[in-house]
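Have a look at the structure below, then the notes.
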Amino acid sequence: MKRYLAIFTGSPNAMSQWQTLPEHERQQREAAGLKAWHDWAERHRGSIIELGAPLGRTKSVSRAGITDIRNQMTGFSVVEAESHEAAARLFESHPHFTIFPGDGVEVMECLPIPDRPAQ
């Protein structure tokens with residue numbers, strides 16, 4: 001079995017549209033979404049290594065220093081599957097984008113770290 005990192009994505013525009021929903025409708029969708037998310041986690045508990053969490057503000061660190069940036073990453077999970085395709089299928093019809101205003105889920109293999117070179 002291989003490990004895969006799933007990055008949940010969302011755009012500021014989608015979030016703005018979500019925030020314009022009437023309060024009552026948004027609360028109903030949030031409740032339905034949380035239930036669906038927990039149901040998804042229960043269905044796939046044998047494949048989930050780390051359920052993950054929502055992501056907050058981002059800082060970029062480079063040779064130029066540390067700066068505040070925006071990206072489209074909104075959360076993450078780590079799963080285990082036989083193949084990349086099987087890992088991606090775990091997220092089909094996920095509530096992140098079927099109920100909540102998320103754009104999608106990007107799934108990538110966690111590759112092994114190469115061995116340290118001999119000295």
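The values are calculated or read from the model by the stated rules, or taken from the named source; none is laboratory data. Small disclaimer: the values here were computed from a predicted structure and weren't measured. Don't worry about glycine lacking a Cβ; one is built from the backbone with ideal geometry, like all the others, and counts go over all protein chains shown. Only protein heavy atoms, including side chains, enter the accessible area calculation; ligands, DNA and RNA are left aside. Shrake-Rupley method; radii C 1.70, N 1.55, O 1.52, S 1.80 Å.
Between (i) 0.98; (ii) 0.96; (iii) 1.06, which entry matches Rg/Rh (Cα atoms, Kirkwood Rh) as derived from the coordinates of this structure?
Only one listed value fits the structure, namely (iii).
Under unit Cβ charges (Lys, Arg +1; Asp, Glu -1), what dipole magnitude, rounded to 20 debye, does the chain have relative to its Cα centre?
Around 360 debye, computed over the chain.
Could you order the peptides 9-19, 94-104 from most to least packed, using the average number of other C-beta atoms within 10 Å per residue?
On the way: 9-19: 13.2, 94-104: 18.3.
My ranking of the peptides, most packed first, is 94-104, 9-19.
What number, rounded to the nearest 500 deg cm²/dmol, is the helix-based mean residue ellipticity at 222 nm of the chain, given -39500 (n - 2.57) per DSSP H run of at least four residues and division by all its residues?
-9500 deg cm²/dmol
At a 1.4 Å probe, what is the % contribution of carbon and sulfur to the accessible area of the chain?
Here it works out to 54 percent.
How much accessible area per residue does the chain have, in Å², with a 1.4 Å probe?
So the chain comes to 72 Å² accessible per residue, rounded to a whole number.
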